[in-house]
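Here, each number is a calculation from the coordinates, and none is a lab measurement. Bear in mind that the values here come from a model prediction, so they are computed numbers and not experimental data. Cβ placement follows ideal geometry from the backbone for every residue including glycine, while neighbour counts extend to all protein chains displayed.
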Amino acid sequence: MEGWKVRGLLGLALAICISYSVLPAQAQERVGVTAAVNLDAEGQAPSKPVEKLVLGHNVVHNERISTLDKGQVQIQFVDESTISLAPNSEIIIDEFVYDPNKQVGKMTATVTAGLLRFVGGKISKQSDAVNFATPSGNVAVRGGVAIIEVKRNTTASSGARTQPR
């Protein structure tokens, strides 16, 4: 009987180890890539140091992307959506999921500073699928193009089918 208990405990321990080893891989799943980078742009993936962005950098969930005084960056997501950040801007990609077979998904991002341009891809055709959180409110985007600017305590948005929330 004791042998069965030991094997059972070893099996349980192995299952726990395997499940924890999968978590970082899921957290680091690629959601997009930098399609254009001008001068000073930085990225910081969860639990990683800040790194200078280069063309072709893989963007992952919860990554913080920021531009400095002369920096600009464009991110192309796996559904063909793009976000372009102007100088002195910052965004965190909170959530991005996409099913290429059904062409459905969801994107949530936090804009903490600056100016961005969002051009919708496949997921933006769905209602309530693309949302940007800002210090003064949320902006939902459906379809087309949106421009979002975050200044001290204010947020402005414009574009086809943008809605403050």
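Yes/no matrix, rows are residues, columns are (1) among the charged types (D, E, K, R); (2) part of a strand (DSSP E or B); (3) within 12 Å of the chain's Cα centre (by Cα):
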{"position": "GLU80", "(1), (2), (3)": "yes, no, no"}
{"position": "ARG117", "(1), (2), (3)": "yes, yes, no"}
{"position": "ALA140", "(1), (2), (3)": "no, yes, no"}
{"position": "ILE147", "(1), (2), (3)": "no, yes, no"}
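Applying the set (1) more than 23 Å from PRO46 (Cβ to Cβ); (2) free of Cβ contacts under 8 Å to residues at least 40 places away in the same chain; (3) crowded, with 19+ Cβ neighbours inside 10 Å to LYS102 leaves exactly one unmet item: (3). Considering only residues that are outside any strand (DSSP E or B) and of a type in the set (S, T, N, Q), look in segment 91-115 and name the one that is nearest to THR67 (Cα to Cα). Checking each candidate, the answer is GLN103.
Applying the selection to segment 36-65, what residues are surrounded by 16 or more Cβ atoms within 10 Å (Cβ to Cβ) and either assigned to a loop (DSSP other than H, G, I, E, B) or in contact (Cβ under 8 Å) with a residue 40 or more places away in the chain (or both)? Result: ASP40, ALA41, ALA45, LEU53, HIS57, HIS61, ASN62, GLU63.
If the condition is being of a type in the set (Val, Ile, Thr) and either touching a helix residue (DSSP H, G or I) at 6+ places or on another chain (Cβ under 9 Å) or not in a strand (DSSP E or B) (or both), then segment 119-138 contributes ILE123, VAL130. Taken together, VAL145, VAL141 contain a single residue that is more than 15 Å from THR67 (Cα to Cα), crowded, with 18+ Cβ neighbours inside 10 Å and among the β-branched types (Val, Ile, Thr), which is VAL141.
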